[in-house]
Every structure is written in structure tokens, then in C-alpha cells.
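*Asks:* Pasting in a structure now, in C-alpha cells, and then I'll have a few things to ask.
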DNA sequence: TTTACATTTAAGCAATCACCTAATTAAGGA
DNA sequence: TCCTTAATTAGGTGATTGCTTAAATGTAAA
């Protein structure tokens with residue numbers, strides 16, 4: 001799968017309050033579908049669909065034991081998503097630093113100001 | 001706004017490849033709507049809508065200058081989203097550590113094994 | 001003042017989403 | 001074997017999404 005698609009699926013999966021609550025529950029330990037569903041005021045099929053979204057994003061796995069499915073969290077997709085966000089923030093901070101330096105040099109040379117191409121937000 | 005809603009908006013905004021590319025571009029410095037739109041094979045209104053989604057998520061701001069809007073990235077929502085993900089991973093790792101310890105003590109006491117309530121994924 | 005440019009609003013459309021109820025599958029226990 | 005429990009699939013609905021084209025807005029430049 002393309003990294004783009006993976007990221008899109010992970011972010012989309014996390015863009016829903018119910019699914020975030022499910023993941024938060026599973027981060028404390030594995031659980032059955034029933035144990036997850038009982039915490040929500042929602043039909044079982046609705047929860048089942050949320051689980052499918054989380055599973056397709058790679059955020060949970062199911063292991064079948066008799067008629068119970070044990071749900072477990074997987075952290076790897078979080079790493080990838082987190083890394084993407086961190087990268088953007090890093091780049092943005094680098095940019096801000098460069099901008100500060102530029103503004104600093106302008107201040108030193110205040111008698112001959114030049115246009116700055118960009119303004120600090 | 002509720003933190004839930006904020007998180008949902010940020011994650012939803014990031015769940016689209018086009019919007020992630022826009023944010024990646026703006027992380028390198030501010031730009032006008034036209035400068036952003038020119039990089040996509042998509043109508044101007046479509047880009048405008050993507051920008052609105054990013055703006056509502058707090059990920060960009062617009063400053064109006066004549067007929068040009070200067071778009072700038074905002075990192076704060078990324079921090080909140082990143083923190084949420086980090087928290088889940090932290091909890092999950094704590095859980096795994098506790099599990100490892102439990103399995104370790106079982107190994108020591110191999111002659112009298114007890115059921116483990118959960119299995120490692 | 002007219003014209004051109006940058007961008008947004010309006011309106012419409014097909015696809016997807018988040019739910020629902022009803023029906024189905026699959027395993028365990030009486 | 002029949003019944004119960006656990007969970008999923010099927011099918012339907014209203015809301016939202018991501019795009020489109022056409023029209024509107026607001027500013028600058030001729």
C-alpha cells in the first residue's frame with residue numbers, strides 16, 4: 001500500500017471520537033468486541049464497523065478464539081502518523097528560525113531596510 | 001470548542017492527501033492561495049474548500065492583503081494531535097511492559113503455571 | 001471607469017460515512 | 001439436537017465529502 005493511503009487511513013480512523021475512545025481503551029489492554037461495545041450507546045453493528053475502520057488502518061488486530069475475537073492495539077501506524085506531523089512541525093520551526101534571523105539582521109541594518117518576502121504569521 | 005471536536009477536525013483535515021501536501025508546502029513558508037493551487041490539478045474552488053477545512057482545524061491562518069490572501073501554517077493543533085497519539089502509545093507500552101514482567105515471573109515459576117488473562121498480540 | 005485578476009460563494013452530483021434494523025454465521029452448553 | 005451467545009453481513013437512510021461549473025466579490029491597473 002502507498003504510504004499516502006496508509007496515512008490517510010490512519011488519520012481518517014482517528015478523526016472519529018468513538019474510534020479514539022476504542023483505541024484508548026485497547027491501549028490499556030486487549031479486549032473482546034463485547035467489552036468494547038458495552039461502553040457505547042450504539043448498536044453492535046455500528047461498533048463492528050468502527051472496528052473494521054481501525055483494523056483497515058492497521059491500528060488494531062483481531063485474534064479469533066472460539067466465538068470471541070480478542071482485539072489488540074497496534075502502535076506502528078501511530079508512529080508513522082506521528083513522524084509525519086513531527087516532520088511538518090520541524091520544517092516550520094526551521095523556517096521560523098531562519099525568519100527570525102533575517103528580521104534580526106534587518107534590525108541591525110535599520111537605516112537601509114529591504115523588503116522581506118514573507119511576514120511572520 | 002471541545003477538545004474532542006478539535007482533535008476530530010485536525011485528524012479529519014490530515015486524512016486527505018491534498019491537504020497534507022498543502023500543509024507540507026506551507027511548512028516551508030507562507031504562500032498565496034494561487035501559489036498553493038497552481039501545484040494541483042484541480043479547480044480553484046476545490047483548493048479553496050481544502051483550505052477552509054485546514055483553517056477550521058486551526059492548521060492554517062489567512063491574512064488578507066489586497067486581493068491576495070497569505071496562508072500560514074499553525075503548529076499548535078499538530079501538538080495536540082501528536083500528544084494524543086503519544087499518550088496512547090505510552091499507555092500501550094506500559095501495558096506491554098507489565099505483560100512481559102508477568103510472563104517473566106511465569107517462566108520462573110514454570111512448574112506451577114497459571115492462566116494469563118491476556119495474550120501478547 | 002472599465003477591465004483584468006485573485007479568490008470565494010452557490011449549486012449540484014456521485015461517493016462515502018455513521019448510523020439503524022433484520023437476518024445470518026458460528027461456536028458452546030443444556 | 002436445540003438454544004443461547006458473540007459477532008458479522010446485508011440493506012437502507014440522511015448527512016457529509018470532494019469535486020465540478022457558473023456566478024459573485026473585491027482590488028489593482030489601464
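The values are calculated or read from the model by the stated rules, or taken from the named source; none is laboratory data. Note that this is a predicted model, so its numbers are computed, not measured. Cβ sites come from the backbone with ideal geometry, for glycine too, and all protein chains shown count toward neighbours.
*Asks:* Being under 17 Å from residue B:76 (Cβ atoms) and part of a helix (DSSP H, G or I) is true for just one of B:20, B:9. Which residue is that?
*Replies:* B:9
*Asks:* Now for a separate question. Within the set of pairs 6 or more residues apart or between chains, which connect a residue that is farther than 14 Å from residue A:69 by Cβ inside region A:35-58 to a residue that is surrounded by fewer than 19 Cβ atoms within 10 Å (Cβ to Cβ) with Cβ atoms less than 6 Å apart?
*Replies:* A:58/A:74
*Asks:* Could you please give the count of residues in region B:36-80 that are assigned to a helix (DSSP H, G or I) and away from DNA strand C (no atom under 16 Å from the Cβ)?
*Replies:* Final tally of qualifying residues: 5.
*Asks:* Before we move on, is residue A:71 farther than 25 Å from residue B:19 by Cβ, near DNA strand D (Cβ under 9 Å from one of its atoms), surrounded by 20 or more Cβ atoms within 10 Å (Cβ to Cβ) and within 11 Å of another protein chain (Cβ to nearest Cβ)?
*Replies:* Yes; evaluated as a whole, the condition is true for this residue.
*Asks:* Within region A:26-43, which residues are surrounded by 13 or more Cβ atoms within 10 Å (Cβ to Cβ), more than 10 Å from chain B (Cβ to nearest Cβ) and in contact with a helix residue (DSSP H, G or I) (Cβ under 9 Å, 6 or more places away or on another chain)?
*Replies:* The answer is A:33, A:35, A:36, A:37, A:39, A:40.
*Asks:* Follow-up question, since we're still on this one. Pairs needed: first member in region A:3-21, more than 7 Å from every other protein chain (Cβ to nearest Cβ); second member anywhere, outside any helix (DSSP H, G or I); C-beta distance under 7 Å; at least 6 residues apart or different chains.
*Replies:* Pairs found: A:9/A:57; A:10/A:57; A:10/A:59; A:13/A:57; A:13/A:59; A:18/A:40.
*Asks:* Still on this model: Hey, among A:31, A:57, A:24, A:98, which residue is more than 14 Å from DNA strand D (Cβ to nearest atom) and either more than 29 Å from residue B:23 (Cβ to Cβ) or at pLDDT below 95 (or both)?
*Replies:* A:98
*Asks:* Hey, another quick one. Cβ-Cβ below 6 Å, separation at least six or inter-chain, first residue in region B:76-95 and at the interface with chain A (Cβ under 8 Å from one of its Cβ atoms) and within 16 Å of residue A:87 (Cβ to Cβ), second at pLDDT 95 or above and surrounded by 12 or more Cβ atoms within 10 Å (Cβ to Cβ): which pairs?
*Replies:* B:78/A:85; B:78/A:89; B:81/B:10; B:82/A:82; B:82/A:85; B:85/A:78; B:85/A:82
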